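One structure is given below, encoded as structure tokens.
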Amino acid sequence: MSQEMTPSTPLARPKVLHFIGSILKEIPAATFTSFFEQYAVAVVFFSLTRARMRSVGGNYGLAQDDFTSRREVCGWSGLRCAYNYTSEMSHVTEIKLAGKELTGTIPSEIRFLPYLTRLDLSDNEIVGTIPEDLYFLRRLRHLYLNNNHLEGTISDKLDNLNGAEHIYLGQNDLTGTLPSNIGTNRPNEWRMFSVYNNSLSGSIPSGMRLRNAYVLDSSRNQFSGHLPANIEQSEYSKLRLLYLDRNQFTGTIPPYLSQLRKLKGLFLNDNALVGGIPSEINDDEKLNLLTLRLQNNRLTEPVPDSICELDVTRGEYELVELGVDCVICKGCSACKGRCY
């Protein structure tokens, strides 16, 4: 038998259970549920951190590291628990291990942490797929898996996390299309949703509903077709920032993108859009718009006066950046000397 094994294999999981059992001799779990949560979080830690089960004289023990230096699971670095009135662990509520040089895969035992509200594994070296079991965490509010090496597709069960506020899946190796059912079956609380810098393709589903979204980032992928048909005021009234740049979108810029009243930044650059910039713009959007990036497309019509007049240097509006190709700037003060 190998001198070192990780609980990413079935053989190692019983060793984790044995370890947790030894802990419970000193720190009894309040309930069977609490015991199961401790087991689940131990598997998560041992699957992702440098902690390993190793054989010492035929007996398995924990090769401890900075994360698991304390015997009590709730004392491990990056872990937060809720406690009951007797000061016993009640539930695991947060796992925060961003930028900890983690490797390995996210184990299926993650589903046994039903009270988890925050899972932050961003900025690591995690591989494998996003386990379907993660979508059972209905209390999850903050999910950060960005900047890893996750692969595979995004499951349509992502919509199960309708109560989440932040979902960051960017800077991975995800492929396939976006699920078309997001926000269609039940109200959705997502404030920020990012799939930035993956290898996702196909069109943005027109049925996707994110009425509470402040930030949507689908940039740096391989999305194609026309721009989403439903990103309009009635469906995205709270939207502040929309990133669709560096894809393969074609067609014209739809006029409804000029009617989003709270929009501050619109990023459509580096696509294959044609035509011109919609000249009609909502008065509220005029007041709020700070950045408009449209360069490196195939636009041919001059920038309309209704956009040029938003130039912050004129003193009435707040547009500080208008990114367009020089061929359509045509003396517009908002882009003159700063075009591409």
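The values are calculated or read from the model by the stated rules, or taken from the named source; none is laboratory data. Here the structure is a predicted model, which is why all the values come from computation and not from measurement. Neighbour counts run over all protein chains shown; Cβ positions are idealised from the backbone, glycine included. Just the protein is used for accessible areas: all its heavy atoms, side chains included, with ligands, DNA and RNA removed. Shrake-Rupley method; radii C 1.70, N 1.55, O 1.52, S 1.80 Å.
Residues that are buried (at least 16 other Cβ atoms within 10 Å of the Cβ) and acidic (D, E) within the stretch 106-136 comprise E109, D120, D123, D133, listed in sequence order. Only one of the numbered conditions (1) open to solvent by 10 Å² or more (accessible area, probe 1.4 Å); (2) at pLDDT 95 or above; (3) within 24 Å of I253 (Cβ to Cβ) is not met by S234, and that is (2).
Applying the criterion of being of a type in the set (K, R) and surrounded by 17 or more Cβ atoms within 10 Å (Cβ to Cβ) to the residues of the stretch 237-261, the residue that is farthest from P302 (Cα to Cα) is R240.
Only one of the numbered conditions (1) out of contact with any Gly (no Cβ under 6 Å at 6 or more places or on another chain); (2) in contact (Cβ under 8 Å) with a residue 24 or more places away in the chain; (3) farther than 17 Å from N297 by Cβ is not met by S234, and that is (2). One residue alone among N185, N160 is surrounded by fewer than 20 Cβ atoms within 10 Å (Cβ to Cβ), polar (S, T, N, Q) and part of a helix (DSSP H, G or I), and that residue is N160.
If the condition is being in contact with a helix residue (DSSP H, G or I) (Cβ under 7 Å, 6 or more places away or on another chain), of a type in the set (V, I, T) and either surrounded by fewer than 21 Cβ atoms within 10 Å (Cβ to Cβ) or over 16 Å from E321 (Cα atoms) (or both), then the stretch 269-286 contributes only I281. Across the stretch 326-340, the qualifying residues are those that are out of contact with any strand residue (DSSP E or B) (no Cβ under 7 Å at 6 or more places or on another chain), open to solvent by 10 Å² or more (accessible area, probe 1.4 Å) and in a loop (DSSP other than H, G, I, E, B), and the one among them that is nearest to G276 (Cα to Cα) is K330. Determine if the stretch 202-217 includes at least one residue that is surrounded by fewer than 22 Cβ atoms within 10 Å (Cβ to Cβ), touching a Leu at 6+ places or on another chain (Cβ under 7 Å), modelled with pLDDT of 90 or more and within 18 Å of N269 (Cβ to Cβ). Within the stretch 202-217 (the criterion being surrounded by fewer than 22 Cβ atoms within 10 Å (Cβ to Cβ), touching a Leu at 6+ places or on another chain (Cβ under 7 Å), modelled with pLDDT of 90 or more and within 18 Å of N269 (Cβ to Cβ)), the answer is yes, since at least one residue qualifies. Residues that are open to solvent by less than 10 Å² (accessible area, probe 1.4 Å), more than 16 Å from the chain's Cα centre (by Cα), in contact (Cβ under 8 Å) with a residue 40 or more places away in the chain and within 11 Å of L48 (Cβ to Cβ) do occur in the stretch 96-105.
Checked against (1) in contact with a Phe, Trp or Tyr (Cβ under 9 Å, 6 or more places away or on another chain); (2) under 21 Å from V195 (Cα atoms), F112 passes all but condition (2).
Every listed requirement among (1) of a type outside the set (S, T, Y); (2) out of contact with any helix residue (DSSP H, G or I) (no Cβ under 7 Å at 6 or more places or on another chain); (3) over 26 Å from N198 (Cα atoms) is met by W76 save one, (2).
Quick one: is S108 at pLDDT below 95 and out of contact with any strand residue (DSSP E or B) (no Cβ under 8 Å at 6 or more places or on another chain)? Here the answer is yes, as S108 does meet what is asked. For first residues located in the stretch 297-312 and over 12 Å from K330 (Cβ atoms) and open to solvent by less than 20 Å² (accessible area, probe 1.4 Å), partners that are modelled with pLDDT under 95 and assigned to a helix (DSSP H, G or I) and lie 6+ apart or on another chain with Cβ distances below 7 Å form the pairs L310/K286.
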